[in-house]
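Below: the structure, in structure tokens.
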Amino acid sequence: MRYGVLALLLILPWISISAAVDVTRKTSPVNGPLILPIKLTDDRGRDIRLNHFATRIISLSPHITELVFAAGAGGKLVGVSRYSDYPEAAKSISDVGDSSSLDLERIIALKPDLVVAWRSGNSISDIEKLEKLGLTVFATEATRLEDVPRLLRIIGALAETSIQAESAARVYEAELRQIKRTYSGRQPVRVFQLIWHQPFMTVNGHHIISDIIDICGGINVFASAASLTPVISAENLLEADPQAVISSLSLEFAETGIRERLSTISAVRNNHLFFVHPDLLHRQTPRILQAAQKVCAQLEAVRSG
């Protein structure tokens with residue numbers, strides 16, 4: 001049950017996103033060391049300027065907290081979003097609320113020189129409120145696995161920790177290349193990604209989880225859905241007939257929600273119901289490659305089984 005609650009907390013902000021979201025927009029690349037003032041374009045397409053490197057950073061999402069630490073700037077965090085529990089040091093940093101209830105007074109009191117937001121997870125109104133209060137907000141979004149090292153480099157540039165960020169980015173990129181080499185050309189497997197069960201919810205092809213399915217040789221059966229996290233009916237699932245179901249809500253939810261109601265789909269008939277922890281699968285951080293390794297291994301089990 002605990003995993004299901006965690007996953008819901010992580011995916012709720014995505015539910016209201018429509019197909020109109022521009023998922024192709026990217027921050028300006030970082031080519032070599034930056035000079036002051038720093039001028040970069042964030043994932044909203046907004047030009048952001050910093051007159052000095054950030055020394056007091058606030059993160060508005062658990063995965064951003066993790067990215068900041070991975071980029072070597074964890075020591076500059078003065079406030080983090082609720083549920084920021086990785087790495088361990090994040091737990092001792094001041095809590096500024098979550099995506100549904102930011103503590104604006106606390107954020108102001110912490111006097112940040114940079115707030116790093118999640119474009120699709122934080123409300124536009126909250127970001128605008130922070131900017132009207134005179135704070136610099138840099139919005140980020142990872143829609144592909146290649147975006148993680150890009151964001152590491154961006155954070156390193158903003159916080160003057162580019163050496164550490166570059167090292168982390170290169171390690172990640174090397175591991176990602178290895179996963180792609182290992183699983184390229186594999187027999188396709190039709191996959192349904194379960195992110196919620198009442199009602200059934202999944203991800204479309206613009207979601208980073210769909211990118212994981214793709215590099216493992218899977219086919220996201222709802223990749224063409226209009227919204228980022230579409231609601232799926234039992235009839236939709238029967239028609240799609242996935243060969244594998246990957247749940248981030250624990251197998252208990254998959255068993256109850258799918259096995260009992262959809263006993264005729266291939267994934268149920270062949271006992272190909274799998275679980276990947278939401279902290280790995282839903283957080284856009286270097287640890288997402290651990291989720292990718294698990295998904296790839298699970299799809300290999302489908303091919304051999």
Legend entry - Shape metrics for the stretch 83-197, restricted to C-alpha atoms - Rg then Dmax, Å: 17.9, 55
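Are there any GluC sites (Glu not before Pro) in the stretch 193-286 that are in a DSSP loop and have at most 11 other Cβ atoms within 10 Å? List them by number. Please report the intermediate quantities before stating the final value.
Values: sites: E235, E239, E252, E255, E260; in loops: E260.
Sites meeting the loop and neighbour criteria: E260.
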Inset, instruction - Report the semi-axes of the equivalent ellipsoid for the stretch 40-95 in whole Å, largest first, where each axis is √(5λ) for an eigenvalue λ of the Cα gyration tensor. - result: 21, 13, 10
Legend entry - Per residue value of the accessible surface for the stretch 151-263 (all protein chains in place, 1.4 Å probe), Å²: 41 Å²
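Might you tell me the accessible area per residue for the stretch 69-132, computed with a 1.4 Å probe and given in Å²?
Working: 2970 Å² over 64 residues.
In whole numbers, the stretch 69-132 has 46 Å² accessible per residue.
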Legend entry - Length-normalised contact order of the chain in % [C-alpha pairs under 8 Å, at least 6 apart]: 18 percent
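At a Förster distance of 22 Å, what's the computed FRET efficiency of V171 paired with E88, Cβ-Cβ distance as r, to 0.05? Let's see the in-between values first.
Values: r = 20 Å, r/R0 = 0.92.
According to the calculation, E is roughly 0.60.
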Inset, instruction - Take the Cα atoms of the stretch 180-305, build their convex hull, and give its volume per residue in Å³. - result: 93 Å³
Legend entry - log10 of Debye I(q)/I(0), alpha-carbon scatterers only, for the stretch 69-114 at 0.18, 0.24 Å⁻¹: -0.53, -0.90
Legend entry - Sites R56 and E128 - FRET efficiency at Förster radius 22 Å, r taken between beta-carbons, to 0.05: 0.55
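Taking a ≥ b ≥ c as the square roots of the Cα gyration tensor eigenvalues, with a/c under 1.5 meaning rounded and otherwise prolate when a/b beats b/c, else oblate, which class fits the stretch 135-215?
Numbers: a/c = 3.81, a/b = 1.42, b/c = 2.68.
Here the stretch 135-215 falls in the oblate category.
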Inset, instruction - Within the set of other residues whose C-beta is less than 9 Å from the C-beta of G218, count the net charge using Lys and Arg as +1 and Asp and Glu as -1. - result: +1
Inset, instruction - State whether the stretch 230-292 is rounded, prolate or oblate according to the following rule on the C-alpha gyration tensor (a ≥ b ≥ c being the square roots of its eigenvalues): a/c under 1.5 gives rounded; otherwise a/b larger than b/c gives prolate, and the remaining case gives oblate. - result: prolate
Inset, instruction - In a Gaussian network model over the chain where Cα atoms closer than 10 Å are linked, find which of I179, I195, I215 has the largest mean-square fluctuation. - result: I179
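Can you pull out the GluC sites (Glu not before Pro) in the stretch 75-171 whose DSSP state is coil and whose Cβ has at most 11 other Cβ atoms within 10 Å?
On the way: sites: E88, E105, E128, E131, E141, E146, E160, E166; in loops: E141, E146, E160.
The qualifying sites: there are none.
Ignoring any ligand, DNA or RNA, what whole percent of the accessible area of the chain comes from carbon and sulfur when the probe is 1.4 angstrom?
Working: 6850 of 13030 Å².
Ligands and nucleic acids excluded, carbon and sulfur give 53 percent.
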Inset, instruction - Please calculate the 1.4 Å probe accessible area of W118, with all protein chains present, and give it to the nearest 10 Å². - result: 20 Å²
Inset, instruction - Could you work out the relative contact order of the stretch 167-305, using alpha carbon pairs under 8 angstrom and six or more residues apart, expressed as a whole percent? - result: 25 percent
Legend entry - Given (i) 37, 58, 5; (ii) 33, 52, 13, 2, 0; (iii) 34, 55, 11, 0, the label whose value is P(r) over Cα pairs in 20 Å bins from 0, in percent derived from this model: (iii)
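The values are calculated or read from the model by the stated rules, or taken from the named source; none is laboratory data. Please read all numbers here as calculations on a predicted model, not as lab measurements. In this analysis, Cβ positions are derived from the backbone assuming ideal geometry, glycine residues included, and neighbour counts consider all displayed protein chains. Ligands, DNA and RNA are stripped out before the accessible areas are found, and what is left, the full protein with its side chains, is counted by its heavy atoms. Shrake-Rupley method; radii C 1.70, N 1.55, O 1.52, S 1.80 Å.
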